[in-house]
Amino acid sequence: MSTKINELSVVNADEFTVSRTITIAAPIEKVWAAVTEPQHIARWFPEHATLAPLAVGTTGVFGWSDHGDFPVRIEELDPPRMIAYRWANSNATASTLESGETTVFRFTLEPVDAGTQLTVVESGFDALRDPAASMDSNRGGWNFELDELVAYLEGSE
């Protein structure tokens, strides 16, 4: 289990982004599976996930009982180093992905001595109705969810 304390998410109000970098005591292949395969994604991020096949343009759903279902689409893919998802910021149909009420979150993975460094950058908040509130909410969300990812992959969930 990792003894590293990961820094919290950061809001960049000038660039309308939320970002966080963490270190996970797991090999890059294991982290890649956890951020791309629905059965693993549902163990740390949403309560349920559908997403197949793993390809640019693939759509799916990430869902929470408290918040509803959110359509997602793979925007970029460079296995096993980077994947970017576009998601709707309101629970609605897949057509919401074309509405402009979306952000993109990109996971970048790098092998390090301690395992894998994962960086998430979520962008596009300037297109939302209340960018500041959305960035603050998602900042807290990434803190919680990425801590869940570390616990899941390091076996202490």
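The values are calculated or read from the model by the stated rules, or taken from the named source; none is laboratory data. Quick caveat: nothing in here was measured; it's all calculated off a predicted structure. Neighbour counts run over all protein chains shown; Cβ positions are idealised from the backbone, glycine included. With ligands, DNA and RNA removed, areas are computed over all heavy atoms of the protein, side chains included. Shrake-Rupley method; radii C 1.70, N 1.55, O 1.52, S 1.80 Å.
Remarks
- Test: residue in region 87-94 that is outside any loop (DSSP other than H, G, I, E, B), open to solvent by 70 Å² or more (accessible area, probe 1.4 Å) and not basic (Lys, Arg): no
- Condition check for THR102: open to solvent by less than 30 Å² (accessible area, probe 1.4 Å), modelled with pLDDT of 95 or more and over 11 Å from the mean Cα position of the chain (by Cα): no
- Count of residues meeting criterion [in contact with a Ser or Thr (Cβ under 6 Å, 6 or more places away or on another chain) and either among the basic types (Lys, Arg) or modelled with pLDDT of 95 or more (or both)] in region 54-74: 3
- Pairs with Cβ under 6 Å, 6+ apart, first in region 52-74 and part of a loop (DSSP other than H, G, I, E, B), second open to solvent by less than 40 Å² (accessible area, probe 1.4 Å): LEU54/THR36; VAL56/ILE74; THR58/ILE74
- Per-region count, region 111-144, residues farther than 19 Å from TYR85 by Cα and free of Cβ contacts under 8 Å to residues at least 12 places away in the same chain: 3
- Subset tally (residues that are buried (at least 18 other Cβ atoms within 10 Å of the Cβ) and farther than 21 Å from VAL31 by Cβ) for region 44-62: 1
- ALA88 passes every criterion in (1) modelled with pLDDT of 95 or more; (2) out of contact with any Lys or Arg (no Cβ under 7 Å at 6 or more places or on another chain) apart from (1).
- Selected residue (criterion: surrounded by the fewest Cβ atoms within 10 Å (Cβ to Cβ)) from residues of region 8-29 that are over 16 Å from THR108 (Cα atoms) and acidic (Asp, Glu): ASP14
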